[in-house]
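The block underneath contains the structure these notes are about, expressed in structure tokens.
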Amino acid sequence: MNAALFWSALRARRAVFLAVLAVTVFVATAVSLVLPKSYRATASLVVDRRNEQSLDQAFNALVSPNERLGYIQTQVDVIMSGTVARRVVTEHDLATRPEVQAEFAARGEEHGSIEDWLAQALLQDVDVETSQSSVVDVSFVHASPTGAAEMANGFAKAYMDTTLELQVEPARRAAAWFDDQLQTLRADLETAQAKLNEFQRSHGIVSAEGDLDIEQEHLADLSEQLVRAQEQTMILRGREGQALAAMSDASLLEQLPEVAANEQIGRLKGDLLAGEARLEVLATQYGSNYPEYRRQLAENTARRQRLATEMARIVGSVEAQRRESERREVEIERAIEAQRARLLESKEGRDDLAILAGDVKTAQSAYETAMQRYVVTQVDGRASQTNVALLSAAVVPTRVYRPNLGLNVALSVVVGLLLGIGVVIAMELADRRVRTIADLDWGADVPLLGTLGAWRPPEPLGLPSLGRAAEQPAGAT
């Protein structure tokens, strides 16, 4: 059927078409007026991933758009969860209402509680909408406008409380778990530190690298002392040999630095020279048998003995210094050997000390990390606010949400037009009629003998008009 045939059939059956359209619109209008009215209220929430009360830097870090959308979708699922719905039932005492209990009893539900049944019923009327922003709209449809606003605000509040609970409860449990772990980690740290201290105490080590440097410096200092002692011994040995050789030669003995610097020897030598001069004077004046000469001779002899004794004492002191220097040299050599053994022992124990120090460092790092996490979870567990804020509370709606009379009438007009067209096409296919020449050309295999023009009334008597005289009939064969 082409367009011309369709319009021809529609004009012929326009009464049926208009009747179907009118019935459809009437039925839709009547149903819309008869159906119970319901109202829709919407509460808007701002959901931010950042939480200013949390110390977790990873949680407060900037995220990509995909992660943000995923987080928003998660929050939508939380709002539509049974937990939030049951919290709404509990906070509004819906399960204690007599009419609700009567309806639940009439349904004869054998499984499940009335709270679960009410939660499922509420979830059928709640709707959550999101956009590219962080705003989430929570809508609720109810037969009462006040009830719609109450339930929408109830879902918003229940979601905020549930979000806070989901944030706080895991943090509290984690804080308790970290508290137990901290005790174990603290004990491990104390044990590792005690082992390190015991090893250092038993080996006389204060620190691994510092003690080794000190031991090496001490060994170098002992080596320097040994060199100085050896040099001093060599010098003293030379002086001792010079002193022994000078025992028979007073002139050589006087060249010794100890003798030359000795004041008492200088004084004895001066007294002896003075005594010798006086003795020569007395010998010249009185002779060798004079009592004063003999007394002076005895004094000079005594002075020589004291001088020899003093020089012998000085020579002996040089020998004693040489022996003391040799003894000190031996002591320094022994100290060097002991220091070398100690240094070797320190080097051998350095690996064990490094292992123990590493154990302490590992235990310290684990304890500090756990302590940081404990502080974070403890602070998060004390949070009193969530990262969700109520942007606008639901207000009591003034317009009916369902049924939408204007929308239903508009849809009924569209449906009525389609139904009317369908009915006309069905009637035309069931009862084919010929209205125009095109009707015979479409689908009818019959010969065409001729066509009749439109009927005209007879012309009045008189002269025919020039225009009509030239006209011929529409043509008949």
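The values are calculated or read from the model by the stated rules, or taken from the named source; none is laboratory data. Computed from a predicted structure; not experimentally measured. As a convention, Cβ positions derive from the backbone with ideal geometry for all residues, glycine included, and neighbour counts pool all protein chains shown.
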Name the pairs whose Cβ atoms lie under 7 Å apart, with the first residue in the stretch 373-385 and assigned by TED's automatic domain parsing to the domain that holds E169 and under 12 Å from P170 (Cα atoms), the second hydroxyl-bearing (S, T, Y) and at pLDDT 70 or above, and 6 or more positions between them or separate chains? none
Just one listed residue, out of V128, V136, V100, V84, is surrounded by 17 or more Cβ atoms within 10 Å (Cβ to Cβ) and more than 34 Å from the chain's Cα centre (by Cα), and it is V100
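Here are some residues: A58, A28. Which one is modelled with pLDDT under 75 and either part of a helix (DSSP H, G or I) or within 29 Å of A394 (Cβ to Cβ) (or both)? So that I can check it myself, show each step before the final result.
On the way: A28 fails: modelled with pLDDT under 75.
Residue meeting the stated conditions: A58.
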Against the definition (modelled with pLDDT of 85 or more and not β-branched (V, I, T)), how does R40 come out, yes or no? yes
Within the stretch 165-195, the count of residues that are farther than 16 Å from Q378 by Cβ and in the same structural domain as L94 (by TED's automatic domain parsing) comes to 2
Matching entry among N289, N300 (being over 30 Å from L236 (Cβ atoms), at pLDDT 75 or above and outside any helix (DSSP H, G or I)): N289
Does the stretch 206-217 contain any residue that is at pLDDT 75 or above, under 30 Å from R342 (Cβ atoms) and either in contact with a His (Cβ under 8 Å, 6 or more places away or on another chain) or in the same structural domain as A338 (by TED's automatic domain parsing) (or both)? yes
Any pair with Cβ under 6 angstrom, 6 or more apart, that starts in the stretch 304-323 at a residue that is on the phi < 0 side of the Ramachandran plot and ends at one that is of a type in the set (V, I, T): E310/I265; I314/V259
Pairs only if they're at least six apart or on different chains, beta carbon under 6 angstrom, first in the stretch 157-178 and of a type in the set (S, T, N, Q), second crowded, with 19+ Cβ neighbours inside 10 Å and in a helix (DSSP H, G or I); list them, first residue then second. T162/V84
